[in-house]
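Heads up, the thing below is written out as structure tokens.
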Amino acid sequence: MHCALGLPTPYFLKYKILMMRIALFGTSADPPTAGHQMIMGWLSQNFERVAVWAANNPFKVQFTPLEHRAAMLKLLIDDIDAIKRNITLEQELSSFRTIETLEKAKNNWGENTDFFVVVGSDLLAQLPQWYRIEDLLQQAQLLVVPRPGYVINESKVDKIKQLGGKIAIANLTGLDVSSTEYRENGDYEALTPPVVDYIHQKKLYSNTQIG
């Protein structure tokens with residue numbers, strides 16, 4: 001059975017108590033939104049460490065160079081309450097292939113770590129197509145963050161289980177905002193003020209009007 005992941009529970013207190021739990025949160029962040037920031041804040045309350053990076057998703061078209069997307073993610077992290085500074089930008093983890101990201105993470109933090117790969121529910125149907133997905137799911141647990149408009153149904157969960165994966169569902173729902181909505185409709189309210197300022201300064205998304 002899959003489980004909902006909230007604040008630390010007796011299960012997690014008993015399970016490998018000496019193991020550090022790290023959330024691996026890679027995202028296209030094109031641009032990063034207030035929704036991404038909300039997820040990072042929630043992860044920081046549920047994991048000892050949250051590693052974040054801007055990724056080039058081979059299933060998507062990226063509109064902005066990786067360096068700018070990483071810089072905007074850093075602005076989101078810096079804008080989160082100082083008490084949640086277990087969130088760090090780990091851009092060196094970025095890879096087209098998540099299994100390679102996991103291997104880098106193991107080199108950084110060692111084998112004595114529980115890794116959770118964080119994905120939005122919009123990616124559940126795509127996951128079986130990922131490179132070496134069976135190997136990935138044997139070495140890390142999948143944490144799915146519900147997104148508005150993307151239902152997590154049993155058939156999608158069962159496909160992950162059939163691949164040998166352990167799956168947890170985060171007990172939050174992401175904000176109803178998206179990078180795509182911003183790029184297509186100029187929904188600047190989806191972004192945080194520091195990211196809006198950065199986009200202005202660097203003249204990014206020139207076909208999108210802000211404000």
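General observations
- Identity of the residue in segment 7-34, under 14 Å from residue 109 (Cβ atoms) and in contact with a helix residue (DSSP H, G or I) (Cβ under 8 Å, 6 or more places away or on another chain), that ends up modelled with the lowest pLDDT: 20
- Here residue 97 meets each of (1) among the basic types (Lys, Arg); (2) within 17 Å of residue 57 (Cα to Cα); (3) crowded, with 17+ Cβ neighbours inside 10 Å with one exception, condition (3).
- Residues being assigned to a loop (DSSP other than H, G, I, E, B), out of contact with any Ser or Thr (no Cβ under 7 Å at 6 or more places or on another chain) and farther than 18 Å from residue 163 by Cβ - total across segment 111-150: 3
- In segment 157-211, the residue that is surrounded by the most Cβ atoms within 10 Å (Cβ to Cβ) out of those that are under 15 Å from residue 123 (Cβ atoms) and in contact with a Ser or Thr (Cβ under 7 Å, 6 or more places away or on another chain) is 179.
- Within segment 174-192, residues that are modelled with pLDDT of 90 or more reach partners that are polar (S, T, N, Q) and not in a loop (DSSP other than H, G, I, E, B) with beta carbons closer than 8 Å, at six or more positions or on different chains, in the pairs 190/179; 192/37.
- Conditions (1) at pLDDT 95 or above; (2) closer than 25 Å to residue 139 by Cα; number of the one not met by residue 73: (2)
- Checked across segment 87-101, the condition of being assigned to a loop (DSSP other than H, G, I, E, B) and over 26 Å from residue 19 (Cβ atoms) holds for at least one residue.
- Matching residues in segment 124-145 - criterion: being surrounded by 17 or more Cβ atoms within 10 Å (Cβ to Cβ) and out of contact with any strand residue (DSSP E or B) (no Cβ under 6 Å at 6 or more places or on another chain): 124, 127, 130, 133, 136, 137
- Selected residue (only one of 113, 64, 88 is of a type in the set (Val, Ile, Thr), without any contact (Cβ under 8 Å) to a residue 60 or more places away in the chain and surrounded by fewer than 21 Cβ atoms within 10 Å (Cβ to Cβ)): 88
- Selection from segment 52-61 of residues that are surrounded by fewer than 19 Cβ atoms within 10 Å (Cβ to Cβ) and not β-branched (Val, Ile, Thr): 56, 57, 58, 59, 60
- Flag for residue 182 being within 14 Å of residue 64 (Cβ to Cβ), out of contact with any Pro (no Cβ under 8 Å at 6 or more places or on another chain) and in a helix (DSSP H, G or I): no
The values are calculated or read from the model by the stated rules, or taken from the named source; none is laboratory data. All values reported here derive from a predicted model rather than from experimental measurement. Neighbour counts are summed over all protein chains in view; Cβ atoms, including those assigned to glycine, are modelled from backbone coordinates with ideal geometry.
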